[in-house]
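Just below is one structure, and these are the notes that go with it.
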Amino acid sequence: MASDRNPNHNHAPGLYRLIRALVKLFYPRTAVVGAEALPGRDCVIVGNHTQMNGPIVSELYIPGEHFTWCAAEMMTLSEVPAYAYSDFWSQKPRYVRWFYRLLSYIIAPLSVCVFNNARTIPVYHDTRIVTTFRETIARLDDGAGIVIFPEYDAPYNHILYAFRDKFVDVARFYHKRTGRALSFVPMYVAPALKTVYFGEPVVYDPAASPAAERERICAALMEAITAMACSLPRHTVVPYRNIPKRLYPANIPASIPGEEASHEPEAL
């Protein structure tokens, strides 16, 4: 898989360059706040997925050389339809699901083109995860950063879904190879505010047990992202799941005493 990908945009297929240019043209320009928190190297950025917004912001606006973890299914033509429908659209109303099943097949060639030519690392959930870790460690050792969106379909709070925690193991293998400790930087993507925010790094402790570090780092990152979101002006939060927009939560619930009625969530 990795040998078929081309992270050099100058040599990517024309169709990919066209798609990337169109997305950059029409996607709202996104400001970056807190980039000074990003270490110069040995850095893994961990953020809220916000459906398509997180990967787009990662590709277009996160500063510095970096590569984003991407579901391997979205990079394999035969696997895109089932994965895309299940992950993006399975909660749509029954009467329109036929359309999204069809759409999952239509987007398959475009998905393979985009994700195999963007700055991505395929993520597997079987024994091939070794390939994911190997490429991640090589990119980090070369000085690039890594961006990960580890949410999955398990509610955590009104800002985030829970994080899968195995991504933290990258730090253990990286330390064994290089002797250096990774920093995990929390990131909050706020499409309604057209801004991405970075928080203070959480540094991996190689002396602690792997299980304890998974729990500690995931908890610290989820708490930091939630705190960043809740500290901002009231706005609509784009959730991990592709639910109807009328059900999108606000970062500050309207029921909190003292909130003024004029602070309604901003339209997306």
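Readers should treat all values here as calculations from the given coordinates under stated rules, not as data from a laboratory. Everything numeric here is computed off the predicted structure, so don't read it as measured data. Cβ: placed from backbone, ideal geometry, glycine included. Neighbour counts: every protein chain shown.
Counting only helical runs of four or more DSSP H residues, what would the 222 nm mean residue ellipticity of the chain come to if each run contributes -39,500 (n - 2.57) and the total is spread over all its residues? Intermediate values should be presented prior to the final figure.
Details: 8 runs with 90 residues, N = 268.
-10000 deg cm²/dmol, from helical runs alone.
Ranked from largest, the principal axis spans of the Cα set of the range 23-86 equal 41, 30, 18 Å.
Using the crude model of +1 on Lys and Arg Cβ and -1 on Asp and Glu Cβ, and no other charge, please compute the dipole size for the range 107-227 relative to its Cα centre, in debye to 20.
Working: 13 positive and 13 negative charges, 66 e Å.
Charge dipole of the range 107-227: 320 debye, to the nearest 20.
For the range 101-257, the square roots a ≥ b ≥ c of the C-alpha gyration tensor eigenvalues yield an a/c of 1.5 or more together with a/b not exceeding b/c, which makes the shape oblate.
Between the range 177-202 and the range 115-171, what is the separation of their alpha carbon centroids in Å? Cα centroid to Cα centroid, the span is 13 Å.
Between Ala219, Ala208, Ala84, the residue with the greatest mean-square fluctuation in the GNM of the chain (Cα pairs under 10 Å linked by springs) is Ala208. Amide H contacts under 5 Å for Val237: Ala250, Asn251, restricted to partners 5 or more places along the chain or on a different chain, H placed in the peptide plane at 1.01 Å from N. Counting only DSSP beta bridges whose two residues both lie in the chain, roughly 35 percent are antiparallel. Annotation for Ala181 and Tyr152: the two label points, set 7 Å from Cα along the Cα-Cβ direction, are 2.8 nm apart. So how much slack lies between Phe173 and Glu200, counting 0.36 nm per residue of separation and subtracting their Cα-Cα distance, in nm? Here the answer is 7.5 nm.
Think of the chain as a dipole: +1 on every Lys or Arg Cβ, -1 on every Asp or Glu Cβ, centred on the Cα centre; then among Cys43, Ala21, Ala207, Ala21 lies furthest on the positive end. When the chain is treated as a Gaussian network with alpha carbon springs shorter than 10 Å, the biggest mean-square fluctuation among Arg246, Arg172, Arg119 belongs to Arg246. Label zone (Ile129, point 7 Å along Cα-to-C-beta; backbone nitrogen cut-off 13 Å) within the range 138-165: 164-165.
A Gaussian network model of the chain, with springs between Cα atoms under 10 Å, assigns the largest mean-square fluctuation among Ala212, Ala192, Ala162 to Ala212. Computed over the chain, the alpha-carbon pair-distance distribution with 5 angstrom bins reads 1, 6, 12, 16, 19, 18, 14, 9, 4, 2, 0, 0, each value a whole percent.
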